[in-house]
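Accompanying notes for the structure given below.
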Amino acid sequence: MRDPMNIVTHSYEFMHHRKISRVLVAAVIAFAIGWIGLCSDRINIDIEENADTTTTSNKISDKINIEKSTSETAKNNLLFQLPLCKPLNLTAVQEGIICLPKCDPSVADEGSLHPNEKINLTVQTNRDKYPGEYGKYRIHFPEEEIYLHVDGREYKKGGEAMHPRSVTERLFRRVIAKLFRAGVLDPTKNIINTGSWIGDNALPWAMMLEQLTTKPGKVIAVDPSPMYVNNMVNTAHLNLIGNVCTHVTVYSAKKGTVFTSTTEHMGVNLGLKRGEKQINMITLDSENITNLALLHIDVEGHESELLTGAMDLIKTSRPVIVTEGVSGLTDSNDKKVAEILRSLDYVHESSEIPEICGWNKSCRNHIWWPDQDMKDSAMKVIGNDLSRSEIVPW
């Protein structure tokens, strides 16, 4: 079977629906830019921020070098050369991974879309509030060193949920970004992000990989919710991200069907015989993914079943694996995860990130290392982050 990472399974039509006048304008702009040359500005930004995003006095100073790959003029010119994005209309019975090409999102005029426009916003979720000043249409993810544009049309449909995510689980984001930037994790290899939700991890990671290498790996974002995956696809198109793939499915120990009782942050209940949504359940091994650097698992207690269906992939790629669990891995599911990974000759003890990672205050992200040599290399880069004495709030 062909490697789905090298296949774009959706065709995208060229912009034949555009008016002839727009094509002529494109030709004039392209000719002018050809003589002038595309400029690439280098911006050095010094930021000093609280590492915990709390009131503690432990502040950090980061030197961020952001490379602007193209000017706004160059970006506009690029849009004339790209095919129009077509809606995917993903469903819960989607077959196979879909990889997204760069395409022209053709966002309608939404009034003021100034990148520096700010909005005072209190994001209300079912468990917490996040008051603050945010970029209304452009969100800064400081650890990945990227800016993510969001669509004004989605803003009143729940799109504001992306805003606090740039500094939520920030220590986890910092650890992953450092590992890729230091070369401990190979940015030319792929990432699997299960439980991807609206793409708050997948999209910044994809953009970061594009910064680090001319041949970035793919980020495969997997979630059981068609609504949230479609939201992520729209944001990927808006940011001209070309290394994201997605699949609406549930990874488990075997192929089958699963029912859910909600459309948001779905928890998998294998015993449920009916529900609001019916979703295909497959093994990760059946996706035939190769060259995996990172497997991030956020599947609400379904970790051991997912790993059982991913044994071949883990044996061949030997990725770093991140799982959510309780502090100290005392939960019965955590113990199953540890047993599976130890049977695959992973380092027996995981590295626990000292940061709350969910509703439960005992929730922690755990990093599992394929061998001691990689763990030793990683500790030279992130050892200080993992040895913090204070637990970072969510």
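Modelled label-to-label distance, MET311 and THR290, 7 Å Cα→beta-carbon offset: nm?
According to this spin-label approximation, the distance is 2.2 nm.
What does the accessible area of ASP371 come to, in Å² to the nearest 10, when a probe of 1.4 Å is used?
Looks like 70 Å² after rounding.
Explain nothing, just the number: dipole magnitude of the range 285-356 about its Cα centre with +1 on each Lys and Arg Cβ and -1 on each Asp and Glu Cβ, in debye rounded to the nearest 20.
Values: 5 positive and 15 negative charges, 65 e Å.
The calculation lands at about 320 debye.
In nanometres, what is the gap between the two model label sites at GLN372 and ASN384, each 7 Å from Cα along Cα-to-Cβ?
Placing both labels 7 Å along Cα→Cβ, they lie 2.7 nm apart.
Take the residue pairs LYS218/LYS277; LYS189/LYS215; LYS254/LYS315; LYS218/LYS335; LYS255/LYS277; LYS254/LYS375 and return only those whose Cα atoms are more than 20 Å apart. Before the final figure, lay out the partial values.
Numbers: LYS218/LYS277 28 Å; LYS189/LYS215 9 Å; LYS254/LYS315 18 Å; LYS218/LYS335 30 Å; LYS255/LYS277 17 Å; LYS254/LYS375 31 Å.
Over 20 Å Cα-Cα: LYS218/LYS277; LYS218/LYS335; LYS254/LYS375.
How many nm separate the modelled label positions at LYS255 and LYS215, each set 7 Å beyond the Cα in the direction of the Cβ?
Each label point lies 7 Å from its Cα, and together they span 3.3 nm.
Based on the mean of other Cβ atoms within 10 Å per residue, sort peptides 174-180, 351-357 so the most packed one is first. Could you put the intermediate results ahead of the total?
Values: 174-180: 21.9, 351-357: 20.3.
Highest to lowest by the protection proxy: 174-180, 351-357.
Probe radius 1.4 Å, ligands and nucleic acids ignored: give me the carbon and sulfur share of the accessible area of the range 354-394 as a rounded percent. It would help to have the intermediate numbers written out before the result.
Working: 1060 of 2090 Å².
So the carbon and sulfur contribution to the accessible surface is 51 percent.
Could you report the range 294-394's accessible area per residue, 1.4 Å probe, as an integer in Å²?
Values: 4460 Å² over 101 residues.
In whole numbers, the range 294-394 has 44 Å² accessible per residue.
As a test, work out the antiparallel percent of DSSP beta bridges whose residues both lie in the range 297-381, rounded to the nearest 5.
Working: 8 of 9 bridges.
Just about 90 percent of them are antiparallel.
The values are calculated or read from the model by the stated rules, or taken from the named source; none is laboratory data. All of these numbers come straight from a predicted model, not from anything done at the bench. Here Cβ is always computed from backbone atoms with ideal geometry, including for glycine, and neighbour counts include all displayed protein chains. Accessible surface is based on the protein model in full, side chains and every heavy atom, while ligands, DNA and RNA are left aside. Shrake-Rupley method; radii C 1.70, N 1.55, O 1.52, S 1.80 Å.
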